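Peer 1: Here it is, the structure, as structure tokens.
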Amino acid sequence: MKQSSSCEVWRWNKEAEMNAMSDCLKHCSFIAIDTEFPGCLKETPMEASEETRYRNMKYNVENTNLIQLGLTIFAGEFSKTWEINFSDFNEWKDLKNEKSIAFLKSNGLDLAKIREEGIGIEEFFKEFTQMILKEKEKKMTWVTFQGSYDKAYLVKGLTGGKPLPETLEEFDETVERLLGERVYDVKKMAGLCRGLSSRFGLQRIADAFQMSRVGMAHHAGSDSELTARVFTKLTFDLCKRNQSLRPDDLLYQQDLMMTLDLHNRKLRLRPDDLLYQQDLLMTTCYLPQPPPIPRPVMFAAHPNPYFGGGYYGMPVRGMNYV
């Protein structure tokens, strides 16, 4: 996927950019998101339970306002990025984490300009919700990086600022109802790849792929754009590497693919198969399918030796004219 520059959305250009966003959604079904917000009011220790993490996140999201939302809408080689600036956050009155605010300022966020020239959160999400509903039949794929808070702020916006569900289970059900089943976290995906780790940050993974960043880190548009490119790289690379499996492990491969849950990272694997697990994860194609390449494009048929044979199609290099 090619790099795309980020279009900043302000009060004065909102109408034109929202129309452009709506047009883009008609042709693309992948959206990478990132949020910038005033930090965590309740910080969560590393050893905290999932229930405690969710309760703290719920409190933080419900009591703070978004500052920026980054959206990269993409398919194949095409992508377009928007960085929406919200006017709701008042640095002098609203609850915030002082260290987080200082960090955002040190990375170039002009909070005074965003407050004066940004658009309202409610105003934006009324229009954005209608866009998503129009494309509901398409089954959008949403991509995040360490995206718990991204999803939470998105749910808050799409529900008109209502409180988040009381439990993590109810929250997951709400995410699936609003966004669909295809919600992926690139940080978790990186944990499946040899040479990478779920402990890596977005920039470190991008550096491993020798990807240069467009814009500044910790700006929502730049982070969503880089997330989209890393996701595309991971899915295409992993989907192509399917030729080195041991034939006698076909049943084990099938069992692995049936028990893998990318959303909550529960893997039921034999403990003595750690090394083979690492090899297998790099040679199977159970990850989310890469973004479709807009037509016209030529495909070549390749034999598929797994799961009953047949063929699968891969784009012919150099034949994507879009």
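Values in this text are rule-based calculations from the coordinates and carry no lab data. Computed from a predicted model, the values in this text were never measured in an experiment. Cβ sites come from the backbone with ideal geometry, for glycine too, and all protein chains shown count toward neighbours.
Peer 1: Sequence-distant or interchain residues sharing an amide H contact under 5 Å with Thr35, placed H: which?
Peer 2: Amide H neighbours of Thr35: Gly70.
Peer 1: State which entries of Lys187/Lys233; Lys151/Lys187; Lys26/Lys162; Lys26/Lys136; Lys134/Lys156; Lys99/Lys156 exceed 22 angstrom in Cα-Cα distance in the structure shown.
Peer 2: Exceeds cut-off: Lys26/Lys162; Lys99/Lys156.
Peer 1: Give me the distance in nm between label points sitting 7 Å out from Cα along the Cα-to-Cβ direction at Ala16 and Val214, one decimal.
Peer 2: Placing both labels 7 Å beyond Cα along the Cβ direction yields 1.8 nm.
Peer 1: Please work out the Cα center distance from the stretch 148-189 to the stretch 18-54, rounded to the nearest Å.
Peer 2: Using only Cα atoms, the two centres lie 8 Å from each other.
Peer 1: Another question, if that's okay. Rounded to the nearest 20 debye, what is the charge dipole size of the stretch 113-210 about its Cα centre when +1 sits on each Lys and Arg Cβ and -1 on each Asp and Glu Cβ?
Peer 2: 420
Peer 1: Place a +1 charge on the Cβ of each Lys and Arg in the stretch 6-234 and a -1 charge on the Cβ of each Asp and Glu, then give the dipole magnitude about the Cα centre in debye, rounded to the nearest 20.
Peer 2: In debye, rounded to 20, the stretch 6-234 gives about 500.
Peer 1: Also, I was wondering about something else. Would you mind checking which residues have amide H under 5 Å from Glu8's amide H? H placed 1.01 Å from N; only 5 or more apart, or other chain.
Peer 2: Glu83
Peer 1: Okay, next question. So how much slack lies between Ala48 and Asn63, counting 0.36 nm per residue of separation and subtracting their Cα-Cα distance, in nm?
Peer 2: Computed gain between Ala48 and Asn63 is 3.3 nm.
Peer 1: Per-residue HN-Hα couplings for the stretch 61-67, Karplus 6.51 cos²θ - 1.76 cosθ + 1.60 at θ = phi - 60°, whole Hz, x for Gly and Pro?
Peer 2: 5, 5, 10, 9, 10, 4, 9
Peer 1: Mind checking which lysines have their Cα closer than 22 Å to the Cα of Lys105? Skip sequence neighbours fewer than 8 apart in that chain.
Peer 2: Lys42, Lys93, Lys96, Lys113
Peer 1: Another question, then. Spin-label point model (7 Å from Cα, Cβ direction): what's the Glu166 to Arg199 distance in nm?
Peer 2: Label at Glu166, label at Arg199, 3.8 nm between them.
Peer 1: Moving to a separate point now. Under the Karplus relation 6.51 cos²θ - 1.76 cosθ + 1.60, θ = phi - 60°, what is the ordered set of whole-Hz ³J(HN,Hα) values for the stretch 23-32, x standing for Gly and Pro?
Peer 2: 5, 5, 5, 5, 10, 10, 10, 10, 10, 9
Peer 1: May I ask which residue of Gly221, Leu25, Gly201 lies farthest towards the positive end of the charge dipole of the stretch 6-234, with charges of +1 (Lys, Arg) and -1 (Asp, Glu) on Cβ and the Cα centre as origin?
Peer 2: Highest projection toward the positive end goes to Gly201.
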